[in-house]
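The values are calculated or read from the model by the stated rules, or taken from the named source; none is laboratory data. The structure presented is a predicted model; accordingly, all values stated were derived computationally and were not measured. Don't worry about glycine lacking a Cβ; one is built from the backbone with ideal geometry, like all the others, and counts go over all protein chains shown.
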Amino acid sequence: MKKWKGAIKLVDKDISEKKAKYLQKQNLVDFIVPIISIIAGLIVGAIFMLIIGAEPIKAYIVLWNSSFGSLRGFGEMLVNTVPLIFTGLAVAFGFKIGLFNIGGDGQFLVSYLAAAYIGYMFQLPMYIHLPFALVAGIIAGGIWGGIAGYLKAKLGIHEVITTIMFNYIALHLVGYFTSGPLKAEGPLPATPKIFDTAKLPRFVPTMRIHYGIFLALAVAVLIYYILWKTTFGYEVRATGQNPDAAQFGGINVARNMVLAMFISGALAGLAGSTQALGLEYRAYQPFGFVGYGFTGIAVALVGKGHPLGVVLGALLFGVLSRGAMMMQSMVGVPKEVIEIIQAIIIMFIASEYIFKYLARKWRERKGGVADAS
Amino acid sequence: MLANLTALLSTTLRMATPLILAALGGMFSERSGVINIALEGIMLIGAFTAMAGSYFFSPWIGVLAAVIVGMIIAAAHALVSISFRADQIVSGTAINIFAAGITGFLLRLIFGDAGQSPSVQDVGTWKIPFIKDIPVIGGVFGEQIPFVYIALILVAVSYWILFKTPFGLRIRSVGEHPAAADSVGINVIGMRYIAVIMSGFFAGLAGASLSIGLLDLFVKNMSSGRGFIALAAMIFGRWTPQGAMLAALLFGFADALQMLAQTIGLTFVPRQFLLMAPYILTILALTGVIGRSTPPAADGDPYIKEEV
Amino acid sequence: MAAGNNLAVEMKGITKRFPGVIANDKVDFELEKGEIHALLGENGAGKTTLMNCLYGFLNADEGEIFINNKKVEVTDPNVAINHGIGMVHQHFMLVPPFTVTENIVLGKEPTKNNMIDYKTANQNVRDISKQYGLNVEPTAKVQDISVGMQQRVEILKALYRGADILILDEPTAVLTPQEVEELVKIMESLTDEGKSIIFITHKLKEVQSIADRVTVIRSGKLIDTVKTDTVTTNELANMMVGREVILEVEKKEANPGEVVLEVEDLYAKNDRDLMALNGTSFSVKRGEILGIAGVDGNGQTELTEVLTGLRKKEKGTIKFKGREITKPQTKRLFEEGISHIPEDRQKRGIIMEFKLYENLILGRHDRKPYASGINLNNKKIKEEARRLIEEFDIRTPSEKVQAKSLSGGNQQKLIIAREFDRKPDLLIAAQPTRGIDVGAIEYIHNSLIGQRDNNKAILLISLELDEILSLSDRVAVIYEGKIVDILDIEDATEEQLGLMMAGAESEEVEGGDQVG
């Protein structure tokens, strides 16, 4: 065999063990950034606490104890965590197909209402009624997200704008129904109470934590399974990473976008349905967004878009949220500090690009010809 | 009847004013190619700053402070999105969350109350002598909070800047075809920074109009989505000052309608449908049902050189 | 060459690197005052990069630039513009919703009272338009005018800023023959006025008829600079495409069988809505390799996209294994037996973030044995991946590594492994060895021959003439969306192919100076 000596343009070295190891280190960086961001957030939070004369260490101890110091506290913390697992999964699933679902709060609300509606409109045995109500919630949230997916896939309209719009439409729509046609008799601005057969059981009557936590964890596992063990999940991930290659591989990009946004909306919706069926037992007129949708974004970012990470992230924000009330009453730290911490965490994670950018610049200056990217 | 109409139009102008201002800001930013989701947060911080400024000094100092702080926050957004090429949506969302947190925090810290600040001195109203006496129009335009007049003037000024000056031409070129602008020596990055900081100016002003214009105090989360409605007005108005103004007026009208529904006897339309109207209209505008609304071509894409 | 003080531009030792490639390798270039100088080379040779360095759009890593005998650090376009250099880019740098005048004066707007003085601006445009004979409509929006007029606007943009030195990048690429004639007249009148022009091209015809001198660049290196009336077209073709030792692949005689693919009169548009395929016709038989040679941008990309269901055709028929395919759909084509090695492996061929075993099932991920129903059979997938890695000699620590950690050559082997394993009847290979090292190239070439000997039909599309010549049994040349001619490999010579690729007539044997 004679050697090739032609008009070679590009020189391309074979990958050595060194480069493979370097890239593996990259993945390690991906892991460290969320941790650094959380620490940074806590530090900034501590600074704000110092400004108002509170003691950060004491405050953070209260924060910890409020969730892990007692069974009751633990339960309350989980109450906050459940919806965050769902909205975090919703945003994460959207990320997987390359879309940004900011519509969690709206999907939450329509699902909240739909579940409550089924809950009081029908009277059926529990093993039918509860699933029925949950399915209604899933479909409602799914449609709310799916429409945005359709508009993006077919008309190219940015999903961020549409999902924000849909948030407000949901807010007012649900507001209308809960104060008008579906309002219960009496002074309460809410739908009638749901039947017992539609309620998510509680662990003990004295604590608010309900079986929704099982559902949340099960759904997290399910999402993991879907994404990495099914053909659909494969297509979703492929489309999100490289739509051109996905198309080349015969994948129907548009169809997958709509389906993925439906699922994303359904997930956020489950946060709402479990709220109605497990906690409030009716749909109250909303006076603003609860904010689980937005927090879900932070959860998904911290969890790096992976279901396990999302659960841990939800746990983190659940602890922060639970701790907020306690820190305020016991140490005098305003609960807004939690929001500040949250924002700092997101900022730092967004700044991941800064780290990578600076690292790249530094390498370039040292190396001359940069690595083949 | 006439009194109702006057009240309606007058309220429309007032409710539309924060939207007009914020929409103008969003417009400049997006015209240069940067999405500014953080209008909501900057507005909120602006509202707080204006209130605090009025509390400690005077209303107009408050306005000045609001505008300056707005520009600073916008500069941070610009730094992260433009120079560090972070995702513009994530960065903007972080600012919004931060704004909610810090205003609540400071509210508690400085004023000891979690829900709202004490009443402060607002900017009052301006009277226009001759117009005031004309029926209906006088009631609407004759005496209003200064922000209304400022907003209307700024619409004209923005139009002039954007479409009549070299600066405006260059900003638009950067948003439509940054490579073309670069090829004639225009500093794309610099222009984008300026445009984003300008949007901070407007959003800060919009916030001031809320806390010491429409009201005379700061309420927690008082921007309540207006920043997003302003974006909707901008889109609906096809990224032009006059369009944004008209859209904002339309949205303000819906708002005024639902506020005065009881007094003017409009009870058959549920108030929530009026509240929903701006958002539905925006989506329809985007889908092209009400005329195609296309953003500047390079909107949202970081400009990366060496991709010629 | 000429007396030193007559040089408008001199570039010495220009070197520009990008990640993984040296775009310009110590290139020297000079432009005399008042001349039309052509910069000739294939796509990717480095011509545009060199000019972008001159214009300040890019900064060279090494080398010096002299403008009018003064050393200049051209850090950005403003510097170049101030020294009288103007550039008309291949892809126009015009803002579509702006008017002609707005585009021309952008950055140097005449003002009155802080406003743009449109009246003066429009008049200025009319004036220089008349001065140089470049007809434009000042108040028309750029998105509404013809391509020819858009180009004139681009030229006026440069002249408005006082350019004495004009760089035109592939100016005739988008023009009709008549518009080309007009452009030539314009260029000649400009040089009569004392301007100097550099124009970048890959078309031989133009070089000889328009330019005074020509500089040939190949693979980032300067080949030579000659006067156009002292060379023949053939010689230029040789300089452009190279005449190195060709790989001699040991291959048996071809034994072509039945026709597997038949393409008749195919028409398709490109992304800019222009017709890229203008009645392409050819056929491929089992057991043969049909190579399609051509300069980049003559329809190859669109051809492969149409044949693989990624672009729709306007007109024409495609018959596969005897049956007409009216609406090619990627998935179905895979099932029918067409495989495709894409020309841009990072864009279309692999998903960098995915692991090797995930990439190896792309396109078959929902078929047995990789999946049953909706469930993926990861164990089996990994098994098969290991088999393919072994069989195709993909150098990697394991199948679990991400694709982005592989070298270009191994990434390409990954794609080949995947596509060959499908056991297709027709394999379309587009630029299969682009950016690959020697060892992998050898391997890939032998694999293709192997498939051919296995009675498969192979359609090879390549920008490397050497590759085409060493692998193909029959050679076709595509030019401006049409198959110019199909030759048997014995009858195909480099000169001939080079001429056809550049749009020249294939009758020329002895060097004639007039072409076309």
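Some observations on this one:
- Residue match in region C:155-166 (condition: surrounded by fewer than 21 Cβ atoms within 10 Å (Cβ to Cβ) and closer than 30 Å to C:Met275 by Cβ): no
- Those helices (runs of 4 or more DSSP H) lying entirely in region C:138-211 with at least 1 residues within 14 Å of chain B (Cβ to nearest Cβ): C:147-160
- All of A:Ile194, A:Ile157 fail the test of being of a type in the set (Val, Ile, Thr) and within 14 Å of another protein chain (Cβ to nearest Cβ), apart from A:Ile157.
- Boolean, B:Asp255 is touching a Pro at 6+ places or on another chain (Cβ under 9 Å), within 12 Å of chain C (Cβ to nearest Cβ), in a helix (DSSP H, G or I) and at pLDDT below 95: no
- Sole exception among (1) within 10 Å of another protein chain (Cβ to nearest Cβ); (2) within 22 Å of the chain's Cα centre (by Cα) for B:Glu176, by number: (2)
- One residue from A:Ala300, A:Ala324 being within 13 Å of another protein chain (Cβ to nearest Cβ), in a helix (DSSP H, G or I), among the hydrophobic types (A, V, I, L, M, F, W, C) and under 11 Å from the mean Cα position of the chain (by Cα): A:Ala300
- Test result for C:Ile416, surrounded by 23 or more Cβ atoms within 10 Å (Cβ to Cβ), within 11 Å of chain A (Cβ to nearest Cβ), touching a helix residue (DSSP H, G or I) at 6+ places or on another chain (Cβ under 8 Å) and in contact (Cβ under 8 Å) with a residue 40 or more places away in the chain: no
- Scanning region C:390-413 for residues that are surrounded by 22 or more Cβ atoms within 10 Å (Cβ to Cβ) and among the hydrophobic types (A, V, I, L, M, F, W, C) yields C:Ile394, C:Ala403, C:Leu406.
- Scan of region B:108-134 for residues that are under 19 Å from B:Val63 (Cβ atoms) and in a helix (DSSP H, G or I), ordered by number: B:Ile110
- Among the residues listed as C:Asn59, C:Asn6, C:Asn78, C:Asn68, the single one being among the polar types (S, T, N, Q), within 25 Å of the chain's Cα centre (by Cα) and not assigned by TED's automatic domain parsing to the domain that holds C:Asn135: C:Asn59
- Checklist (1) surrounded by 22 or more Cβ atoms within 10 Å (Cβ to Cβ); (2) among the charged types (D, E, K, R); (3) touching a Phe, Trp or Tyr at 6+ places or on another chain (Cβ under 9 Å) applied to A:Glu235, failing item: (3)
- Pairs with Cβ under 7 Å, 6+ apart, first in region C:266-281 and without any contact (Cβ under 8 Å) to a residue 12 or more places away in the chain, second surrounded by fewer than 15 Cβ atoms within 10 Å (Cβ to Cβ): none
- For region A:172-182, a tally of residues being in contact (Cβ under 8 Å) with a residue 24 or more places away in the chain and surrounded by fewer than 24 Cβ atoms within 10 Å (Cβ to Cβ) returns 5.
- There is no residue in region A:107-118 that is within 14 Å of chain B (Cβ to nearest Cβ), part of a loop (DSSP other than H, G, I, E, B), more than 17 Å from A:His210 (Cα to Cα) and of a type in the set (Val, Ile, Thr).
- Restricting attention to region B:153-173, the residues that are within 7 Å of another protein chain (Cβ to nearest Cβ) and not basic (Lys, Arg) total 4.
- Selected residue (only one of C:Ile325, C:Ile374, C:Ile318 is in the same structural domain as C:His445 (by TED's automatic domain parsing), among the aliphatic types (A, V, I, L, M) and either without any contact (Cβ under 8 Å) to a residue 24 or more places away in the chain or loosely packed, with under 15 Cβ neighbours inside 10 Å (or both)): C:Ile325
- Failed condition for B:Gly101, given (1) touching a Pro at 6+ places or on another chain (Cβ under 8 Å); (2) under 21 Å from A:Tyr292 (Cα atoms): (1)
- The set of residues in region C:109-137 that are in a helix (DSSP H, G or I), among the charged types (D, E, K, R) and within 12 Å of chain B (Cβ to nearest Cβ) is empty.
- One residue stands out in region B:176-234 among those that are of a type in the set (A, V, I, L, M, F, W, C) and not in a helix (DSSP H, G or I): the one that is nearest to B:Ala75 (Cα to Cα), namely B:Ile186.
- Hits in region B:202-230 - residues which are touching a residue at least 24 places away in the same chain (Cβ under 8 Å) and among the hydroxyl-bearing types (Ser, Thr, Tyr): B:Ser209, B:Ser211, B:Ser223
- Options C:Gly84, C:Gly46, C:Gly56: the member that is small (Gly, Ala, Ser) and surrounded by fewer than 23 Cβ atoms within 10 Å (Cβ to Cβ): C:Gly84
- Leading residue by the ranking (farthest from A:Ile52 (Cα to Cα)) among those in region A:334-354 that are more than 7 Å from chain B (Cβ to nearest Cβ) and either assigned to a helix (DSSP H, G or I) or modelled with pLDDT of 80 or more (or both): A:Glu352
- Some residue of region A:253-275 being of a type outside the set (A, V, I, L, M, F, W, C) and within 14 Å of chain C (Cβ to nearest Cβ): yes
- A:Ile194 vs. criteria out of contact with any Leu (no Cβ under 9 Å at 6 or more places or on another chain) and of a type in the set (A, V, I, L, M, F, W, C): no
- A single member of B:Phe111, B:Phe48, B:Phe56, B:Phe84 is at pLDDT 90 or above, more than 13 Å from B:Gly200 (Cβ to Cβ) and over 18 Å from the mean Cα position of the chain (by Cα), and it is B:Phe56.
- Complete set of residues in region C:212-223 that are in a strand (DSSP E or B) and at pLDDT below 85: C:Arg218
- Those residues of region A:241-260 which are assigned to a helix (DSSP H, G or I) and surrounded by fewer than 24 Cβ atoms within 10 Å (Cβ to Cβ), in sequence order: A:Gln241, A:Pro243, A:Asp244, A:Gln247, A:Val253, A:Ala254, A:Arg255, A:Asn256, A:Val258, A:Leu259
- Restricting attention to region B:136-158, the residues that are surrounded by fewer than 18 Cβ atoms within 10 Å (Cβ to Cβ) and assigned to a helix (DSSP H, G or I) total 7.
Residue by residue, here is whether (1) in contact with a helix residue (DSSP H, G or I) (Cβ under 9 Å, 6 or more places away or on another chain); (2) in a loop (DSSP other than H, G, I, E, B); (3) at pLDDT 90 or above holds:
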position: C:Glu42; (1), (2), (3): yes, yes, no
position: C:Asn59; (1), (2), (3): yes, yes, no
position: C:Phe66; (1), (2), (3): no, no, yes
position: C:Thr75; (1), (2), (3): no, yes, no
position: C:Ile81; (1), (2), (3): yes, no, no
position: C:Leu94; (1), (2), (3): yes, yes, yes
position: C:Asn103; (1), (2), (3): yes, no, yes
